[in-house]
Structures are given as structure tokens and as C-alpha cells.
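Enquirer: Next up is a structure, given as C-alpha cells.
The values are calculated or read from the model by the stated rules, or taken from the named source; none is laboratory data. Bear in mind the structure is a predicted one, so any value in this text is a computation, not a measurement. Note that each Cβ is placed from the backbone with ideal geometry, even for glycine, and that neighbours are counted across all protein chains shown. Side chains are part of the model used for accessible areas, which takes the heavy atoms of the whole protein and leaves out ligands, DNA and RNA. Shrake-Rupley method; radii C 1.70, N 1.55, O 1.52, S 1.80 Å.
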Amino acid sequence: MSRKILYLFAIIIPFFSSVFAQSHLSADSTARLLDEVVVTATRTENKVSNVPLPIQVISAKSIRLSGSQKLIDILQMQSGLVVANNPLGISLQGYPNPFGNGIQMQGLDPAYTLILINGEPLIGRNAGIVNLGRIAIGNIKQIEIIRGPATCLYGSDALAGVINIITEIPEKNSFSFQTHYATNNTLGLTAAAILKQKKTALELFANRYSSDGYDLDKNIYGKTIDPFTDYSASAKFIYDINDKSKFTLSGRFFSEKQFNNYLIYTESQPQVVKGTTTETDKSLYARFDHKVNTGLNYTGSLYATSYNNNATVFVKKTDSLYEKIELDELMIRPEVQVNIGKDPSSLFVSGAGYNFETINSTRYSSQKRMNSWYVFVQKQMQWKERTNIILGARFDKNSLYPAQLSPKLAIAYKLNPAFIIKGSIGAGFKAPDFRQQFLNFSNSLIGYALFGAQELGHGLQELQKTGQISPDIDIAPYLAPGDLSPEKSIGINAGFDYTINEHAVVKVNLFRNDISNLIESYNLPFNKTNNQAIYSYMNLNKVFTEGAEANFSYIFNSNFSLHGGYQYLIAKDKEVLHQIEEKKLFKRDPVTYETSLVTKEEYKGLYNRSRHTSNLRFQYSNILYKASAFITAKYRGSYGFSSLNGFQNGSGVYDDDRESVNGFVLLNTTLSKQIGNRWDVQAGIENILNYTNKLLMPNIYGRSYFINVNFKLEK
Amino acid sequence: MKMKTMKLSVLAFAALTIGIASCEKDKDKTPVETKISVTDSIEIPFSSNKYTFYSFKDSSVVSNSDSATNKWDFGIRFVNIIVNSNASGPGNGGVIVQPGAYDNFTTAPTTGYSYDTSAIKPAIDAGFTSGWYIYNPNDPTHTFYPKAGQFFVFRTADNHYAKMEILAVKYSGYTGPNTPPTTLIYKFRYTYQADGSRNF
């Protein structure tokens with residue numbers, strides 16, 4: 001497979017380069033690389049070249065040209081980002097997660113990347129994963145991706161980095177409408193309007209997206225992806241009170257209804273269950289910006305967001321309730337931020353906020369609360385014109401675990417205007433989530449029990465009282481309230497941005513993340529009287545990820561551009577390395593049953609991590625014919641999966657090629673043609689090579705086709 | 001049955017070595033080889049509330065009606081393994097979950113043997129995250145794979161010593177994914193010392 005890819009790239013690159021070379025001679029050379037303005041890296045507006053951190057910007061234009069409707073499809077085509085469907089802890093064994101797909105960044109699982117919309121976090125993670133389908137992409141201005149710990153500004157969860165979705169700023173009166181139709185009877189309808197007056201601006205956005213889903217494995221009852229319908233809407237209102245003050249009010253709503261239909265086993269008898277899963281996400285954001293003078297401004301904001309997930313399924317034959325799981329999460333966050341300084345590259349930024357979080361679930365004993373407050377400070381400095389320094393720290397105090405201090409230092413040195421060396425080091429943490437703290441769940445079908453660390457003592461007492469744990473078991477050692485610590489990381493990034501000329505740039509970044517205190521589930525050394533296990537959570541593993549990422553962009557002229565990237569990644573469990581060193585890790589040949597030691601060379605690292613990933617994107621616009629072409633390819637190299645095809649040598653770690661899943665390429669193309677001034681039509685093929693893997697990549701449907709009709713009126 | 005013949009051939013091999021040893025006995029005065037090394041397979045129901053019992057000495061499954069006797073050394077039900085003593089039986093059995101290479105292990109220790117303190121607190125951990133096997137719930141074969149570099153040292157019901165390693169656990173009658181299997185086949189090897197010493 002990988003050889004095929006090399007051929008493919010080998011063919012594509014020279015072909016396109018010759019096309020570019022020719023057009024470069026004749027076409028205008030006004031198009032050049034943009035020094036984009038980003039807000040995520042420093043919480044203030046800054047040019048990419050002035051920020052000493054690895055930043056990637058996905059522009060509205062490339063999102064539009066891709067014709068894609070789903071954020072996850074856009075993200076998975078970026079270099080170094082991989083769709084992963086598991087939380088880090090469990091993925092040490094390589095289990096896919098039934099709760100959907102998230103983005104793996106720098107080899108860290110979805111739970112370790114913070115997802116923001118306009119700087120505010122999305123809540124409602126299921127087993128650590130935010131369903132990215134909750135984010136409609138029709139009104140995105142740009143997506144900013146910061147790699148490396150951003151905890152010093154954003155708090156918990158931002159260990160691998162931050163993905164911040166910036167929505168459009170209403171500037172011009174406009175109305176637009178889009179119809180999207182694709183394979184699997186997928187229909188997307190989007191409408192957006194901007195009303196701009198002297199002092200006020202209003203942006204409205206609505207999207208309906210539905211699909212029949214699909215079935216990758218006919219041998220298993222039910223569809224791989226069940227049919228669903230999504231509704232999203234958002235509104236943003238901006239009022240310029242005067243030259244110095246501005247008021248913003250925005251709201252978001254998302255709702256997804258999925259129709260479930262699958263098989264369960266009760267006493268080994270298969271039964272069909274049917275029902276629905278509804279996910280609802282709402283948020284409201286109010287913000288006041290005031291410029292006191294040219295050197296001082298501040299922002300006060302209030303963010304409130306709620307998330308609800310309700311799954312109700314019935315046994316089809318008897319129409320009796322099989323299971324109802326409900327989860328309600330709420331977060332309210334007031335925050336202030338003060339920016340002092342005139343020069344955007346030497347600002348002093350400080351802020352403070354308070355999080356009120358509550359959660360209510362059928363799987364928790366009662367409503368749970370988690371309150372925390374935080375302060376952050378950040379100083380940007382420019383030293384002798386050539387050096388940019390950011391020094392920052394954040395202090396988080398949570399009601400449930402020890403206070404966390406997360407400092408960060410980042411330095412950029414301009415060797416010359418074209419060559420900038422960047423380096424940063426920062427601490428990050430991930431707070432134990434609600435599930436790890438408060439889960440109180442007994443599986444009615446199999447009969448096992450699972451308790452969050454805070455619930456364990458109480459849960460065991462209850463089980464013993466009701467006779468589900470025999471009275472002669474000594475539960476005393478487990479009664480003290482669990483003291484889960486946050487998972488902690490130190491992240492180092494170092495590299496350079498080299499602008500070869502006004503058309504070409506190369507960016508290289510080396511990274512290393514050391515994570516300790518990983519929270520994992522474990523089973524207690526005794527069972528319930530029904531002989532089923534009892535599980536809880538504790539801090540266990542230490543892992544690291546390291547690697548290198550290189551990206552290039554070549555803007556030939558305003559018509560042609562080529563972008564590519566490559567990531568090399570190593571991710572390993574430190575405890576496994578220690579066991580190998582101590583000669584304590586064995587494997588057993590599944591044929592001869594001979595036992596031997598696992599060597600350091602054999603240990604390939606954590607499951608579900610590709611050593612090699614790369615991408616290539618080609619954009620072509622023909623102004624004369626008002627047409628454009630967008631081709632993007634993503635290669636995900638081979639990765640490990642525990643017990644692949646029934647192979648397991650008993651070591652429990654990825655140390656044998658027979659556990660390697662072949663790499664694959666996703667190749668998408670989109671053609672766009674503008675008709676008149678207001679209409680344009682797009683047609684595309686996704687996954688041209690028709691890659692599927694029903695077991696490991698259920699999110700990837702085979703080759704599919706789509707057509708978009710877009711209308712835009714602008715004044 | 002296939003596994004029966006396998007067992008017989010191993011026994012035959014053991015007998016042969018004993019034969020050779022006895023021939024040499026006169027010359028070298030080496031003691032009679034009293035240990036037996038066997039690779040065996042037993043088939044147990046996938047779902048049952050009864051244990052399948054096994055005797056090292058006889059290299060055979062012991063009837064379930066003998067559960068209250070010293071005739072068996074260990075029992076298996078699904079992935080749960082019990083030892084004949086205390087909460088599980090009248091014997092003097094015990095077990096050590098021993099890390100390391102099976103072949104290099106030559107002497108059983110005198111102490112350190114655990115037993116089943118109650119039906120729900122067995123000596124051999126069969127838990128999903130900490131037990132003697134590896135199980136990936138998303139592996140479509142749903143196989144339990146015995147961890148490598150880990151075996152069991154048994155003190156038998158009648159105070160003999162044996163070391164035992166589970167080599168593989170397979171399903172039979174499993175056509176999946178919509179029907180559960182009917183039986184589990186445990187393949188294991190052991191060395192049993194009949195003279196009562198702790199040497200293998």
C-alpha cells in the first residue's frame with residue numbers, strides 16, 4: 001500500500017510542478033503567501049510570523065473549495081491529524097470507541113485536544129471525545145490549530161493543543177444558500193444572512209444535515225452508521241456602542257437525532273432493539289469589549305453552555321424499555337481579560353475566570369458539581385527586533401483535585417526576515433473528567449459494576465449492604481474518597497519557518513510530549529457475589545510521544561497552489577520500556593508456544609499510532625472560466641491494532657507485524673464552477689480509491705459523490 | 001478425539017524416557033524419573049455454572065461429582081480458575097502466579113501459595129484488566145489470549161508440586177458474530193513431580 005502511495009505522489013508532484021512552472025512564466029506573480037492573523041496563540045490578534053508557536057490555519061477558501069460539509073473530513077486531511085476513535089487510556093489496548101471519532105494530534109488521543117468555538121470550549125465529551133459533527137462548517141472564517149500544550153491560556157484538556165473554530169465576522173450585507181446532496185441520501189441545506197448597519201451587525205446561520213447512514217458489514221445486524229438528522233443554528237449580534245466599546249451577543253444550537261437499530265444478547269439469545277439517541281448542544285455568549293486608551297483594553301464575557309445526550313432503546317419484539325441513558329451537562333463561565341500595551345507583539349495579557357459545572361446522569365448517583373477558578377498572565381516581549389518571547393502561566397484551582405500551575409515559555413528568533421527559529425516548552429494538564437470521578441454504573445445485562453474514584457467507597461458499601469458483595473470481603477482499604485490526580489504533560493516544540501521566497505514556505509517542527517498520571521480503569525481484586533467484576537479508575541501509566549512534522553506551501557500564482565506535509569511519530573509506554581529493560585516482558589509464539597523476551601527493537605509503541613502520515617493538497621482556480629479544482633490526498637501509514645485478525649503473542653504490546661494494519665490513502669477531489677455572479681456549482685468525489693475498513697475505520701464510507709449548489713447575494 | 005491422541009503420545013513419550021532412565025539406572029545409579037510433562041487440551045462449556053476439574057497426576061478431567069474430593073487439582077469455568085482447597089475444595093492445594101519463562105523454572109518454592117478465600121475472591125485473578133489473559137472487546141474473534149511469560153505453580157490437592165502454563169484458549173462452535181460459541185478449548189502444558197519433591 002505505502003509503495004503505491006509513493007508512486008502516486010511521485011506521479012502527481014512532477015506533473016503539477018510542470019503545470020505550475022509553465023503557468024508561472026505567463027501568469028501574474030502578485031499572489032504571495034499571507035501572513036495570517038490568528039487569535040488562538042496569545043488570546044490577542046497576532047500575525048503568525050510574530051508568534052513563536054507552531055500554528056496552522058485552515059482558511060475559509062480552502063474549506064469552501066473542498067465542498068466538504070463535515071469538520072472531521074476537513075481536519076483528517078491535514079498533516080499530522082488523524083481520526084482516532086478512542087481515549088488514550090484504553091487505546092493502549094487499541095480498542096475503538098463506540099462514542100465516535102475525534103482527532104489525534106501529535107500522537108495524543110482526542111481527549112487531549114481542546115475544541116473551541118471562538119475561543120470558548122465545547123462541553124459534552126463521551127469517553128473523552130467531542131462529536132465533531134456538532135460543528136457545522138458553513139460560517140467558518142478560519143480554523144486555527146495550535147500544537148503543543150496551550151494549558152497556560154486555556155486550562156484543562158489542551159495538552160496536545162487547541163483547535164479553535166473562528167466563525168465569520170459580519171462585515172457586509174449578504175445572503176447565501178447552499179444545497180448539498182451526496183451518496184447515502186445525504187442532504188445538507190444551509191442558509192446564512194448578514195445584516196450590517198452603521199453600528200450594528202447581525203449574522204444568522206442555519207443548517208439541516210441528514211443521512212441514511214450506511215452498512216459496511218452485512219453479516220452484522222444493523223447499519224455501521226445509523227440514519228441521523230442534524231439541525232444547527234447560530235446567531236451573532238454585534239453592537240458598536242461607540243469608538244471604544246463594543247457589545248457582542250451570540251448563541252448556538254445543535255441537535256442530532258440518530259435512529260438506532262441493533263442486536264443485543266440476553267442469556268445468549270439475540271434480540272433486536274430499536275430507539276433513538278438525541279444529542280443537544282446549546283450555548284450563549286455575551287461579551288463587552290472596551291478600549292480605555294491606546295495602551296489598555298479589557299474584555300468581560302459570560303459564556304453559558306449546555307449539553308444533553310439521551311439514548312432510549314426498546315426491545316423490538318416486546319416494545320419494552322431496554323435501556324435509557326441520559327446525560328445533562330452545564331457550564332457557566334464568567335471571565336475577564338485585560339490587555340496592556342500598544343504594540344501587538346509586546347502586550348501584557350492577564351485574565352481570570354470561574355467555571356461552574358454540573359452534570360446529571362442516569363449513570364451517576366445524583367447531580368454532581370465541579371467548580372474551579374483560574375487566573376492567567378502572559379507577557380509578550382520583543383528583544384532587539386529579532387527575538388519574540390512569550391512568557392505565560394495559568395493557575396487553576398478546582399474543588400476536586402490539587403491546584404495546577406501551568407507555565408509556558410516560547411521564543412522565536414529571526415535569523416533573517418525569511419528564517420525564523422521557534423521553540424517552546426509548556427506544561428499541560430487534563431482534569432479527571434466527570435465519568436472518572438462520579439460514574440456509578442451497574443451493567444444490568446452482564447452484572448459488572450463501574451465506579452468513578454469519588455463514588456467507589458460509597459458504591460462498595462451499598463453493594464455490601466445489599467448483599468452484592470459478600471460480608472467477609474474487606475472493603476475498608478477502598479473507602480477513603482478516591483484521589484485521582486490530573487493527568488500531566490510537559491510539551492516541547494522546536495523548529496523553524498523558512499520563507500524561501502514570496503511563493504514558497506517550509507515549516508518544520510520537532511515535538512516531544514511526556515505524559516504522566518494517565519487515568520485508566522482497573523478491576524478490584526474481588527468480585528461481586530454474581531462473580532462479576534468491579535471496576536474503578538486510577539492514575540497509572542506514563543507515556544511519551546515524539547516526532548517531527550514538516551509542511552510546505554507553494555503559491556505559484558493566484559491560480560495555483562500546492563501544499564504538503566509529513567509527520568513522523570513515535571509513541572511509547574514508559575512502563576513497557578522499563579519492563580523490557582528489566583527483562584520482564586515476554587511473548588509467546590502462537591504456533592510453537594515458545595516463550596521469549598520482547599526486545600527494545602521489537603516494541604513498536606502504542607497501538608493506533610501511525611509512524612508516517614502525509615498529505616498533499618492542490619488548488620487550482622481559473623479566473624477566466626471562473627472554475628476551480630481542489631485535490632487532496634492523505635496518507636495514513638501502518639499502525640498497530642491489538643489482536644488483529646486473531647493474532648496475539650501474549651505480550652499485550654505492539655511488537656509484531658502481524659498486528660499492523662496496512663496504511664491507506666484518502667483521495668478527494670472537487671470541481672467548482674461559478675455561474676453568473678451569484679451561483680456556483682460544485683461536484684466532488686470523496687475517497688476515490690474506495691478505501692474501507694469496517695472494523696477499524698467505520699467512519700470511512702467507500703467512494704462517494706456529492707454535488708453542491710451555492711447561491712450568494714452580497715452588497 | 002484429536003486431543004486425546006495428542007495426550008497419549010505425550011504420555012508414551014514420558015514412558016519412553018522413564019524406560020531409558022531405568023535402563024541407565026544400574027550403571028549411573030540415577031534416580032527413577034518421577035516427573036511427567038504433558039501438553040493437554042480440555043474442552044469446557046462456554047456457559048455453565050459448573051467447573052470442569054482436572055487432575056495433574058492422572059492427566060485427565062475429573063467428574064464434577066468428585067468436586068468434594070482430593071481427586072482434582074484445579075477447575076476451570078469460562079475464564080475463572082479455582083484451586084482445590086479452602087473455599088473451593090477439601091484438598092491442600094495452592095497456587096502462585098509466577099512471572100518469567102516456564103522452561104527456566106526448576107524448583108517450586110516452599111511457601112507463598114495462595115488459595116481461594118471465597119467464591120468471589122479466587123487466588124488466580126481472572127479480571128478483565130488484571131487477569132491472566134489479554135482480551136480486546138473489539139477483536140471480532142473474541143479470543144482470550146494467555147499472557148506470555150506467566151504461568152502457575154501449583155501445590156496439588158495432595159501436596160505434590162506442578163508447574164502449568166496455559167498456551168491457548170480457542171472457541172469451538174463459534175461462527176459469529178451473531179451467535180455465541182458453545183465450548184472453550186483450553187490448551188496447556190504442565191510438569192508434575194510425582195515423588196513429592198519440589199524439583200521439575
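Enquirer: How much of the accessible area of the protein assembly as shown, probe 1.4 Å, is carbon plus sulfur, in whole percent? Spell out each step's value before the answer.
Expert: Working: 23000 of 39890 Å².
On the protein assembly as shown, the fraction of accessible area on carbon and sulfur atoms equals 58 percent.
Enquirer: With every protein chain left in place and a probe of 1.4 Å, what is the accessible surface of A:I135, to the nearest 10 Å²?
Expert: A:I135 has an accessible surface of roughly 10 Å² with all protein chains in place.
Enquirer: Assuming a viscosity of 1.002 mPa s and a temperature of 20 °C, what translational diffusion coefficient in µm² per second does Stokes-Einstein assign to chain A, Rh being the Kirkwood radius over Cα pairs?
Expert: Details: Rh = 27.2 Å.
The diffusion coefficient I find is 79 µm²/s.
Enquirer: Efficiency by 1/(1 + (r/R0)^6): what FRET value for A:V338 and A:K715, r their Cβ-Cβ distance, R0 = 41 Å, to the nearest 0.05?
Expert: Numbers: r = 38 Å, r/R0 = 0.92.
Working from the Cβ atoms, E equals 0.65.
Enquirer: Where does segment A:566-715 land on the Kirkwood hydrodynamic radius, alpha-carbon pairs, in angstrom? Walk me through the numbers on the way to the answer.
Expert: Details: mean 1/r = 0.0529 Å⁻¹.
Mean inverse Cα-Cα distance, inverted, gives 18.9 Å.
Enquirer: Please identify the longest segment of chain A free of exposed GluC sites (Glu not before Pro), where exposed means a DSSP state other than H, G, I, E or B and no more than 15 other Cβ atoms within 10 Å. Kindly include the intermediate steps, with their values, before the conclusion.
Expert: On the way: sites that count: A:E36, A:E45, A:E171, A:E267, A:E385, A:E502, A:E582, A:E594, A:E601.
Between exposed loop sites, the widest span is A:46-170.
Enquirer: Mind checking which of A:N360, A:S306, A:N371 is farthest towards the positive end of segment A:303-374's charge dipole, using Cβ charges of +1 (Lys, Arg) and -1 (Asp, Glu) about the Cα centre?
Expert: A:N360
Enquirer: In segment A:180-273, which trypsin sites (Lys or Arg not before Pro) are in a loop and have at most 11 other Cβ atoms within 10 Å, using DSSP for the loop call? It would help to have the intermediate numbers written out before the result.
Expert: Numbers: sites: A:K196, A:K198, A:K199, A:R208, A:K218, A:K223, A:K236, A:K244, A:K246, A:R252, A:K257; in loops: A:K198, A:K199, A:K218, A:K223, A:K244.
Sites meeting the loop and neighbour criteria: A:K198, A:K199, A:K218.
Enquirer: Further, regarding this structure: Rounded to the nearest 0.05, what FRET efficiency do A:Y298 and B:F128 give with R0 = 56 Å and r taken as the Cβ-Cβ distance? Could you check?
Expert: On the way: r = 53 Å, r/R0 = 0.94.
For A:Y298 and B:F128, the calculated efficiency is 0.60.
Enquirer: Moving on to the next point. Residues of segment A:520-561 losing 40 Å² or more of accessible surface, assembly versus chain alone, probe 1.4 Å, please list them.
Expert: Residues of segment A:520-561 that lose at least 40 Å² of accessible area once the other chains are added: A:N523, A:N531, A:Y535.
Enquirer: Where in segment A:592-615 does accessible area fall by at least 10 Å² between the isolated chain and the complete protein assembly, at a 1.4 Å probe radius?
Expert: Correct list: A:Y593, A:T595.
Enquirer: Would you mind checking segment A:692-712 for residues with the amide N under 13 Å from a putative spin-label position 7 Å along Cα→C-beta of A:N677?
Expert: Inside the label zone: A:712.
Enquirer: Under a 1.4 Å probe, what is the accessible area of the protein assembly as shown per residue, stated in Å²?
Expert: Numbers: 39890 Å² over 915 residues.
Accessible area per residue, the protein assembly as shown: 44 Å².
Enquirer: If you don't mind, another one. Run the simple label-point estimate for A:S596 and A:K574 please: 7 Å along Cα→C-beta, distance reported in nm.
Expert: So the label points at A:S596 and A:K574 sit 3.0 nm apart.
Enquirer: Determine the total buried accessible area between chain B and chain A, counting protein heavy atoms only with a 1.4 Å probe; round to the nearest 100 Å². Present the calculation step by step, with values, prior to reporting the outcome.
Expert: Working: alone 10600 and 32130 Å², together 39890 Å².
Using a 1.4 Å probe, the pair buries roughly 2800 Å².
Enquirer: Pick out, from A:N261, B:G173, A:Y535, the residue whose Cα sits farthest towards the positive end of the charge dipole of the protein assembly as shown, with +1 on the Cβ of Lys and Arg and -1 on the Cβ of Asp and Glu.
Expert: The one lying farthest along the dipole's positive direction is A:N261.
Enquirer: Can you compute the FRET efficiency between A:V57 and B:E33 using 1/(1 + (r/R0)^6), with r the Cβ-Cβ distance and R0 = 60 Å? Round to the nearest 0.05.
Expert: Working: r = 76 Å, r/R0 = 1.27.
Computed FRET efficiency for A:V57 and B:E33 comes out at 0.20.
Enquirer: Okay, moving on. Give the cross-link partners of A:K528 among the aspartates and glutamates, using a straight C-alpha distance below 13 Å as the criterion and excluding same-chain residues fewer than 8 apart.
Expert: A:E462, A:D472, A:D474
Enquirer: Let me have the 222 nm mean residue ellipticity of the protein assembly as shown computed from DSSP H runs of 4+ only, each contributing -39500 (n - 2.57), with the sum over all residues rounded to the nearest 500. Mind showing how you got there, number by number?
Expert: Values: 9 runs with 96 residues, N = 915.
Estimated from H runs of four or more residues: -3000 deg cm²/dmol.
Enquirer: Moving on to the next point. Treating the beta-carbon of each Lys and Arg as +1 and of each Asp and Glu as -1, no other charges, what is the dipole magnitude of segment B:85-200 about its Cα centre, to the nearest 20 debye? Provide the component values of the computation, followed by the final result.
Expert: Values: 8 positive and 7 negative charges, 12 e Å.
With Lys and Arg at +1 and Asp and Glu at -1, about 60 debye.
Enquirer: Between segment A:681-707 and segment A:632-659, what's the alpha-carbon centroid distance in Å?
Expert: Rounded to whole Å, the Cα centres lie 23 Å apart.
Enquirer: For segment A:311-436, what is the number of Lys pairs with C-alpha distance below 26 angstrom, counting only pairs 8 or more positions apart or on separate chains?
Expert: Summing the qualifying lysine pairs gives 23.
Enquirer: Another one. Assign unit charges at the C-beta atoms only (+1 for Lys and Arg, -1 for Asp and Glu), then state the dipole size of the protein assembly as shown relative to its Cα centre in Debye, rounded to the nearest 20.
Expert: On the way: 92 positive and 78 negative charges, 380 e Å.
The dipole magnitude comes to about 1820 debye.
Enquirer: Follow-up question, since we're still on this one. Under 14 Å Cα-Cα from A:K218, which aspartates and glutamates qualify once same-chain neighbours fewer than 8 residues away are excluded?
Expert: A:D226
Enquirer: Under a straight-distance cross-link criterion of Cα-Cα below 17 Å, which lysines are reachable from A:K626, leaving out those fewer than 8 residues away in the same chain?
Expert: Partners found: A:K61, A:K673, A:K712.
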